[in-house]
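Novice: Would you mind keeping the following structure in view while I ask a few things?
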Amino acid sequence: MKGWCTEEFINYISFEKRYAQNTCTAYQHDLSEFQDFIEETFETNQPQNVEPEFIRTWIHSFITKKVSASTIHRKISSVKSYYKYLLRNNIVVKTPLLTIQLPKKPKRLPVFIDEKKMDLLKTQTKNIHLSSYQLSLQNLIMELFYQTGIRRTELVNLLEKNIDFYTKEIKVMGKRSKERVIPFGEDLKKIITDYLSEKEKNNLPNEFLFYQENGKKIHDNWVYTLVKDELSSITTLKKKSPHVLRHSFATHLLNNGADITSVKNLLGHTSLAATQVYTHNTIEKLKKTYKQAHPRA
């Protein structure tokens, strides 16, 4: 029987399940790590030979290295999906993961930027050494993250034709090719319009919304670095990623009275449980207000 069948599995989640490229890359990395460990430790390259004890030994190796519980959960999730695929295709007759117990994940609240600090970001003096196009590009990226809650990959692959100025809506292709529509206001409409004007002056392509000044499409790492640098000017938070702006978008909506189902749909979550984590921030804010304001708190 052939070995791990990893390439077939990655092709399956890429082309049939249509997982995002970043997700497929993470699966590939996790499975490669898993298979290397099994081969080196237990001297087998056949998935049907893997026993639950092999998995437990792998998990223990991470605990010994002080790898976080969240990372361990993610790696095991990758292996579980892989074995589901093998079962479905009759490559194995059982999965070794049924009796596996994972370390508990600590409950972590999403990190977000205070509303006043987000206002401060908008009024920051911009780098005078940048061109008007680059300034417009960077400003729109930051505002789009905060005003729509869009994911980084969604932003990078946003098509210019998917912005409707009449209805003030953006059509976004989310995880697993699930499409959703996000509304935007007059403020963002003007920022997009100003950017498109600069883009036209620079004779840049119009398939994707975002291009560098040299005509190359922007990429994930460049966007991450931009957001990190911009947020460094307004916050001392350790985490300064595009996802922090997505967290801020959701938290500020809930803090200002938005209902959780609407926020779920705006974020593109498939489950309400994924959105409920943001309500904890709202509760913590209420507790803080209570302690500060009530005479007997």
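Novice: Just give me the residues in region 200-243 being β-branched (Val, Ile, Thr), modelled with pLDDT under 95 and either surrounded by fewer than 14 Cβ atoms within 10 Å (Cβ to Cβ) or out of contact with any Lys or Arg (no Cβ under 7 Å at 6 or more places or on another chain) (or both), in sequence order.
Specialist: At the first step, the residues of region 200-243 found to be β-branched (Val, Ile, Thr) are 218, 223, 225, 227, 234-236.
Now restrict to residues that are modelled with pLDDT under 95: 234-236.
THR236, the sole residue that qualifies.
Novice: Which condition number in (1) farther than 16 Å from LEU109 by Cα; (2) in contact with a Pro (Cβ under 9 Å, 6 or more places away or on another chain); (3) assigned to a helix (DSSP H, G or I) is the one that ILE192 fails?
Specialist: Here ILE192 meets the rest and fails (2).
Novice: Condition (residue is in a loop (DSSP other than H, G, I, E, B), under 13 Å from LEU86 (Cα atoms) and not assigned by TED's automatic domain parsing to the domain that holds LYS178) applied to region 18-26: is it met by at least one residue?
Specialist: Kept after step one, since they are in a loop (DSSP other than H, G, I, E, B), are these residues of region 18-26: 18-20.
Applying the additional criterion that residues be under 13 Å from LEU86 (Cα atoms) yields none.
The answer is no, given that none of the residues of region 18-26 is in a loop (DSSP other than H, G, I, E, B), under 13 Å from LEU86 (Cα atoms) and not assigned by TED's automatic domain parsing to the domain that holds LYS178.
Novice: Any idea which of THR261, THR225 is assigned to a helix (DSSP H, G or I), under 22 Å from GLN21 (Cα atoms), assigned by TED's automatic domain parsing to the domain that holds ASP164 and not aromatic (Phe, Trp, Tyr)? Before you say what the answer is, go through the steps one by one.
Specialist: On the way: THR261 fails: under 22 Å from GLN21 (Cα atoms).
After applying the criteria, what remains is THR225.
Novice: Conditions: (1) among the charged types (D, E, K, R); (2) more than 30 Å from PRO110 (Cα to Cα); (3) in a strand (DSSP E or B). LYS199 meets all but one. Number of the miss?
Specialist: Condition (3) is where LYS199 drops out.
Novice: Hey, does region 146-156 have a residue that's aliphatic (A, V, I, L, M), in contact (Cβ under 8 Å) with a residue 40 or more places away in the chain and assigned to a helix (DSSP H, G or I)? First the steps, then the outcome.
Specialist: At the first step, the residues of region 146-156 found to be aliphatic (A, V, I, L, M) are 150, 155-156.
Now restrict to residues that are in contact (Cβ under 8 Å) with a residue 40 or more places away in the chain: 150, 155-156.
Remaining after also requiring assigned to a helix (DSSP H, G or I): 155-156.
Checking region 146-156: at least one residue is aliphatic (A, V, I, L, M), in contact (Cβ under 8 Å) with a residue 40 or more places away in the chain and assigned to a helix (DSSP H, G or I).
Novice: So, one more: Could you tell me which residue of region 80-93 is surrounded by the most Cβ atoms within 10 Å (Cβ to Cβ), considering only residues that are hydrophobic (A, V, I, L, M, F, W, C) and closer than 14 Å to GLU8 by Cα? Break it down into steps so the answer makes sense when it comes.
Specialist: So the first thing to find is which residues in region 80-93 are hydrophobic (A, V, I, L, M, F, W, C), and the list is 86-87, 91-93.
Applying the additional criterion that residues be closer than 14 Å to GLU8 by Cα yields 86-87, 91.
On the way: LEU86: 20, LEU87: 13, ILE91: 18.
If we take residues in region 80-93 being hydrophobic (A, V, I, L, M, F, W, C) and closer than 14 Å to GLU8 by Cα, then LEU86 is surrounded by the most Cβ atoms within 10 Å (Cβ to Cβ).
Novice: Of everything in region 232-262, what is more than 16 Å from the chain's Cα centre (by Cα) and closer than 18 Å to ARG180 by Cβ? Give them in sequence order.
Specialist: Across region 232-262, the qualifying residues are LEU253, ALA258, ASP259, ILE260, THR261, SER262.
Novice: Can you work out which of the residues in region 20-78 that are more than 25 Å from the chain's Cα centre (by Cα) and among the acidic types (Asp, Glu) is farthest from SER177 (Cα to Cα)?
Specialist: Ranking the candidates gives GLU43 first.
Novice: From the list LYS84, LYS66, which one is out of contact with any Pro (no Cβ under 8 Å at 6 or more places or on another chain) and assigned to a loop (DSSP other than H, G, I, E, B)?
Specialist: Numbers: LYS84 fails: assigned to a loop (DSSP other than H, G, I, E, B).
Checking each option against the conditions leaves just LYS66.
Novice: Return the only residue of GLY174, GLY215 being of a type in the set (Gly, Ala, Ser) and within 17 Å of the chain's Cα centre (by Cα). Walk me through how you get there before you give the answer.
Specialist: On the way: GLY215 fails: within 17 Å of the chain's Cα centre (by Cα).
After ruling out the rest, the residue left standing is GLY174.
The values are calculated or read from the model by the stated rules, or taken from the named source; none is laboratory data. Please read these numbers as outputs of a predicted model, since none were measured by experiment. Here Cβ is always computed from backbone atoms with ideal geometry, including for glycine, and neighbour counts include all displayed protein chains.
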